[in-house]
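Colleague: Below you'll find the structure I mean.
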């Protein structure tokens, strides 16, 4: 099955590939394909960069003042205040 995967199918599996959620055979095939296909390598690079940024920003703690402001606005909405 993996031998017949098109670039489009590989690109659709890049996220799963990065998350190591594919079978060993799929991982091996896609690794080899990416190493030999500039288009798929670029897609892999983009997805990898996006994943790294998401991971980086998920570890950022917002300032307490932002959290307080959000909580206050939620309370205002809950009691029916407009602005």
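The values are calculated or read from the model by the stated rules, or taken from the named source; none is laboratory data. Bear in mind that the values here come from a model prediction, so they are computed numbers and not experimental data. Neighbour counts run over all protein chains shown; Cβ positions are idealised from the backbone, glycine included.
Colleague: Which residue pairs have Cβ atoms under 7 Å apart, sit 6 or more places apart or on different chains, and have a first residue in the range 44-72 that is touching a residue at least 12 places away in the same chain (Cβ under 8 Å) and a second that is surrounded by 11 or more Cβ atoms within 10 Å (Cβ to Cβ)?
Modeller: Qualifying pairs under 7 Å: 44/14; 44/34; 47/14; 47/15; 47/18; 48/18; 51/18.
Colleague: Taking the range 44-69 only, how many residues are assigned to a helix (DSSP H, G or I) and exposed (fewer than 11 other Cβ atoms within 10 Å of the Cβ)?
Modeller: If we filter the range 44-69 for residues that are assigned to a helix (DSSP H, G or I), which is where we start, we get 44-58, 64-69.
When the remaining residues are screened for being exposed (fewer than 11 other Cβ atoms within 10 Å of the Cβ), the result is 49, 53-58, 64-66, 68.
Within the range 44-69, residues that are assigned to a helix (DSSP H, G or I) and exposed (fewer than 11 other Cβ atoms within 10 Å of the Cβ) number 11.
Colleague: Run down 72, 20 and say which single residue is modelled with pLDDT of 90 or more, exposed (fewer than 12 other Cβ atoms within 10 Å of the Cβ) and not in a helix (DSSP H, G or I).
Modeller: That would be 20, the only listed residue that is modelled with pLDDT of 90 or more, exposed (fewer than 12 other Cβ atoms within 10 Å of the Cβ) and not in a helix (DSSP H, G or I).
Colleague: What number of residues in the range 23-43 are closer than 21 Å to residue 54 by Cα, surrounded by 13 or more Cβ atoms within 10 Å (Cβ to Cβ) and free of Cβ contacts under 8 Å to residues at least 12 places away in the same chain?
Modeller: 1
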